[in-house]
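Derivation of every value follows stated rules applied to the coordinates shown; laboratory data play no part. Please read these numbers as outputs of a predicted model, since none were measured by experiment. As a convention, Cβ positions derive from the backbone with ideal geometry for all residues, glycine included, and neighbour counts pool all protein chains shown.
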Protein chains: 2
Amino acid sequence: MSTARTESERVELANTALYEAVERGDTAAMEQLWLNEPGAEVSCVHPGWPVLRGRSEVLRSYALIMASTDYIQFFLTDVEVSVTGDTALVTCTENILSGAPAENEGELGPLVGQLVVATNVFRRTAGGEWKVWSHHGSPVLAGEEDEEDDGDESP
Amino acid sequence: MSTARTESERVELANTALYEAVERGDTAAMEQLWLNEPGAEVSCVHPGWPVLRGRSEVLRSYALIMASTDYIQFFLTDVEVSVTGDTALVTCTENILSGAPAENEGELGPLVGQLVVATNVFRRTAGGEWKVWSHHGSPVLAGEEDEEDDGDESP
């Protein structure tokens, strides 16, 4: 079904736009990207954080993160989109490269790599646009049960 | 609207049932609780894990967790339900008390407390039942950015 494929592609574009807005530190874009409908409260979990709810709390948290981050880039891998009616669920891996502000102006702070997995939920509005309803990111910790003793990883 | 309130309550019951099934180690209940619809692939992120996708992978992970857990209890707090059409989004805090199998039979292993936040997405089926479409749990880490450098970490 070409319609379904198109919607899935549009969801993936909305998902990419979310990360690009963070990369640019674009608070105006963030306000546009997040759902703004009465009755459907947005929620957000940054890696290691408690749950944030409502547009103002969520958008403020991004403003805080973007203000305290000098450089951030997301390399998205393993992106999967599942669309059902007016809701879409995206899971992906965020390979993050970020830098804190440098101590001296004009320099780049130390870069840090981070592996995060995300579940992002989107709603299609009456206008046909896909908006972020929920973002949940969490750190991937080393040493999963089913991988650590699969025989001979260490020949 | 009483209809909306009823649906919200039904979603909360489905959310509670998910955790009770894990507490009981009830794999048959888990199979019933998770969405089983072609085109809407389920996904699951356990705290610190990568993304798991599809019923068989997700249910197998729960069977593994339940088999390696002697005792687990979830105290859910801060539960918020948002229903829009046939989709519901639940965020909550899982205050987990769990114990690994004891070394000696008949004894209880050491109990561990854990603080996890979850975003759970539910779909209403054609039969009117709310089923789990996605679960994402992540550890709440101490010392958020705005708290960690309040003075003297390195005295």
Inset, instruction - Note down the magnitude of the dipole of region A:1-85 about its Cα centre, charges +1 on Lys and Arg C-beta and -1 on Asp and Glu C-beta and zero elsewhere, to the nearest 20 debye. - result: 180 debye
Inset, instruction - State, as an integer percentage, the relative contact order of chain A based on alpha-carbon contacts under 8 Å between residues 6 or more apart. - result: 22 percent
Legend entry - Two-decimal log10 I(q)/I(0) for the protein assembly as shown, as the Debye equation yields it once each C-alpha is a single scatterer, q = 0.07 Å⁻¹: -0.29
Inset, instruction - List the residues whose amide H sits under 5 Å from the amide H of residue A:34, counting only those 5 or more places along or on another chain, with H placed 1.01 Å from N in the peptide plane. - result: A:132
Legend entry - Derived scalar couplings ³J(HN,Hα) [region A:73-89; Karplus, 6.51 cos²θ - 1.76 cosθ + 1.60; whole Hz; x for Gly, Pro]: 9, 10, 9, 7, 10, 6, 7, 10, 10, 10, 10, 9, x, 8, 10, 10, 10
Legend entry - Check: the protein assembly as shown dipole with +1 on Lys, Arg Cβ and -1 on Asp, Glu Cβ, in debye: 1900 debye
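With r as the distance between the Cβ atoms of residue B:37 and residue A:65 and R0 = 35 Å, compute the FRET efficiency 1/(1 + (r/R0)^6) and round to 0.05.
FRET efficiency, residue A:65 to residue B:37: 0.45.
Counting other beta carbons within 10 Å of each residue's own, what order do A:72, B:65 fall into, fewest first? Could you put the intermediate results ahead of the total?
Numbers: A:72 19, B:65 16.
Sorted ascending by nearby Cβ count, the order is B:65, A:72.
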Legend entry - Surface/4 estimate of mean projected area, convex hull on alpha-carbon atoms of region B:24-84, nm²: 5.7 nm²
Inset, instruction - Starting at the first residue of region A:15-28, write each ³J(HN,Hα) from the Karplus equation 6.51 cos²θ - 1.76 cosθ + 1.60 with θ = phi - 60°, in whole Hz, x for Gly and Pro. - result: 5, 4, 4, 4, 6, 5, 5, 5, 4, 7, x, 9, 5, 5
Legend entry - Distances in nm from residue A:38 to the matching label points in the other copies, shortest first (labels 7 Å along Cα to Cβ): 4.1
Inset, instruction - Using every pair of alpha-carbon atoms in chain B, split the distances into 10 Å bins beginning at 0 and state the percent of pairs per bin, rounded to integers. - result: 10, 36, 31, 16, 7, 1, 0
Legend entry - Whole-Å distance, taken between Cα centres, linking region B:78-93 and region A:61-113: 25 Å
Inset, instruction - Grab the beta carbon distance between residue A:107 and residue B:95, set R0 = 41 Å, and tell me the FRET efficiency rounded to 0.05. - result: 0.40
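Please give the charge dipole size of chain A, origin at the Cα centre, charges +1 on K and R Cβ atoms and -1 on D and E Cβ atoms. Round to the nearest 20 debye.
1200 debye
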Inset, instruction - Enter the angle in degrees (range 0 to 90, nearest 10) between the Cα long axis of helix B:55-67 and the first principal axis of the Cα atoms of chain B, meaning the one along which they spread out most. - result: 40 degrees
Legend entry - Separation in nanometres of the label points that stand 7 Å from Cα toward Cβ, at residue B:6 and residue B:56: 3.9 nm
